[in-house]
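First comes the structure, then the notes that go with it.
The values are calculated or read from the model by the stated rules, or taken from the named source; none is laboratory data. The shown structure was predicted, so the numbers you read here are calculated from the model rather than taken from an experiment. Cβ placement follows ideal geometry from the backbone for every residue including glycine, while neighbour counts extend to all protein chains displayed. For the accessible areas, the whole protein counts, side chains as well, though only heavy atoms, and no ligand, DNA or RNA atoms are used. Shrake-Rupley method; radii C 1.70, N 1.55, O 1.52, S 1.80 Å.
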Amino acid sequence: PAAKLIAAARSVEKSLITEASVFDLYSGEGIDAGEKSIAISVRLQPTEKTMTEAEIDAVAASIVAAVAKATGGRLRG
């Protein structure tokens, strides 16, 4: 469920993430039967300093890992 995906994404770096939402849902050609492609948007809003690209990449990787653990989801390749 999308709600479980959003909850998993929001559980990472709670002090940085101010918003997470679904912006696209697709099932059809190119997607395995019984699966959906769900795209989410996550807003990071640091209050202490501007984040480096490496720091942002690390948070993104943590979000992907948390979603995979909570839902079995994976990045679509």
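Data table
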read-out	value
Pairs of Lys in the chain closer than 24 Å at Cα, counting only those 8 or more apart or on different chains	6
Difference of contour (0.36 nm per residue) and Cα-Cα distance, Ala33 to Thr47	0.8 nm
Environment charge at Lys4 (Cβ cut-off 12 Å; Lys +1, Arg +1, Asp -1, Glu -1)	+2
Long-range HN-HN contacts of Ser37 with modeled amide H, under 5 Å	Tyr26, Ser27
Förster radius 25 Å - calculated FRET efficiency between Ile56 and Val22, Cβ distance, rounded to 0.05	0.75
Segment Thr71-Lys14, length gained on full extension (0.36 nm per residue, minus Cα span)	18.6 nm
Residue-level accessible surface for Lys49, protein heavy atoms, 1.4 Å, Å²	120
J(HN,Hα) series, region 13-24, from Karplus relation 6.51 cos²θ - 1.76 cosθ + 1.60, nearest Hz, glycine and proline x	6, 4, 6, 9, 8, 9, 7, 8, 8, 7, 10, 7
Kirkwood-Stokes translational diffusion coefficient of the chain, alpha-carbon pairs, 37 °C, 0.692 mPa s, µm²/s	247
